[in-house]
Amino acid sequence: MSQRMHAPTRRLVLLVVGLAAVATIVGIGRGAVGAEEREPRIVNGQPAVDGQFPWQVGLFIDADLTPGGSGSICGGSLIEPNWVLTAAHCVVDSGTVAAPAQLTVFAGELDQLSAGDTGQQLGVTSVIVHPGYDASVSENNDIALLELSSAATLNSVVDTIALASGGALEAGGVTATVSGWGTTSSGGSTSPTLLYAPVDTWTNVDCNAPYGNQITANMLCAGGAPTNTTDSCQGDSGGPLAVEAQTYGWTLIGVVSFGNGCALPNVPGVYARVSQYVTWIQANTAGATLSITPNTAQVGGGGGGSGAYPVYVPIMRR
Ligand code: ARG
């Protein structure tokens, strides 16, 4: 692996208090925080730094906490201190919903799994799969909620993310960011460290071409550039596709769902479209005070997008 050390970025400077812990987490042997990897990641992504995606959680299924072990990994997003949004297919196997005891959530981690460091290991107390989830045909409504047995403690590396709302993002052309510990190529190995990459959103009309008209209104496509394409891949499922909205901050627009291969030119990844589920999420997280970004918010600064796209709508958090 070719790695290159370079000075901490401005972001890292801001996170200087956490650096000692970060050095421990990331492991000096693998190069200091900020070391730049030249190999493909997520697919063609880069390593995240501590606190960059504080809403990202890792979800271990069958409580097998061994990377590459018999259990499997998915991603998820913290939308409340005690609620995680993930993909239905992460927690449903041949029509059977995973028991809460089979699931373990990690928050505040860069390492795929390193119990015992600064991350938080959290149990699950209930699994709520969207009633319209269609595993057999379309993967429509590939979304699920996990209630945590105890709330995550919010800090500089663990935080919630707002939800996109309204009928926005339909125009495509917004640069979003996807993150996860999934494979760095189709059929490859999962990544030991959290990776992220920019992916541009498509209109559903355009996305129906590479996907033979199987894209429903509950899906959102992103990635699939003609060249140098980035994408999510196996193991990223359930994880966040997010944009940074002016005033409202980072906002979840998609949940990694499926794709034809990974990072194939002109073939985007497919995500559950979060804005379609705000009502369902509110109804199933009774008592939660969700943050919702209005569809009038402007997107900018996120994955390097050009900004000024009318996008969404809200729920403000506390
Ligand atoms: N279904 C995969 C998972 O379970 C996610 C695949 C995403 N594929 C893509 N090309 N974006 O992890």
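The values are calculated or read from the model by the stated rules, or taken from the named source; none is laboratory data. Keep in mind that this is a model prediction, so the values were computed, not measured. For neighbour counting, all protein chains shown are included, and Cβ atoms are generated from backbone atoms with ideal geometry for every residue, glycine included.
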Can you say whether Gly254 is within 15 Å of the ligand (Cβ to nearest atom) and in a loop (DSSP other than H, G, I, E, B), as far as the supplied structure shows?
no
Six or more apart or on different chains, Cβ atoms under 7 Å: show the pairs whose first residue is in region 168-179 and free of Cβ contacts under 8 Å to residues at least 60 places away in the same chain and whose second is outside any strand (DSSP E or B) and of a type outside the set (Lys, Arg).
Glu170/Thr203; Gly172/Trp202; Gly172/Thr203; Gly172/Asp206
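Given region 1-113, what helices (runs of 4 or more DSSP H) lie entirely inside it while holding 3 or more residues that are within 16 Å of the ligand (Cβ to nearest atom) and either at pLDDT 70 or above or not hydrophobic (A, V, I, L, M, F, W, C) (or both)?
On the way: elements: 10-14, 19-26, 88-91.
Passing ranges, in order: 88-91.
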Only one of these is aliphatic (A, V, I, L, M), within 14 Å of the ligand (Cβ to nearest atom) and out of contact with any helix residue (DSSP H, G or I) (no Cβ under 9 Å at 6 or more places or on another chain): Leu220, Leu264. Name it.
Leu264
Consider region 201-215. How many of its residues are among the hydroxyl-bearing types (Ser, Thr, Tyr) and over 14 Å from Val274 (Cβ atoms)?
2
All but one of (1) away from the ligand (no atom under 13 Å from the Cβ); (2) more than 15 Å from Ala176 (Cβ to Cβ); (3) out of contact with any helix residue (DSSP H, G or I) (no Cβ under 8 Å at 6 or more places or on another chain) hold for Thr193; which doesn't?
(3)
Just wondering, is there one or more residues in region 239-247 that are modelled with pLDDT of 95 or more and either within 19 Å of Tyr133 (Cα to Cα) or in a loop (DSSP other than H, G, I, E, B) (or both)?
yes
Residue within region 269-288 that is in contact (Cβ under 8 Å) with a residue 40 or more places away in the chain, assigned to a loop (DSSP other than H, G, I, E, B) and crowded, with 21+ Cβ neighbours inside 10 Å present
no
Qualifying residue in region 253-261 (condition: in contact with a Leu (Cβ under 9 Å, 6 or more places away or on another chain), closer than 17 Å to Ala48 by Cα, buried (at least 21 other Cβ atoms within 10 Å of the Cβ) and touching a residue at least 40 places away in the same chain (Cβ under 8 Å)):
no
Test: residue in region 207-218 that is surrounded by fewer than 24 Cβ atoms within 10 Å (Cβ to Cβ) and closer than 20 Å to Gly75 by Cβ:
yes
Mind counting the residues in region 216-234 that are in contact (Cβ under 8 Å) with a residue 60 or more places away in the chain and either closer than 14 Å to Asp200 by Cα or of a type in the set (Ser, Thr, Tyr) (or both)?
6
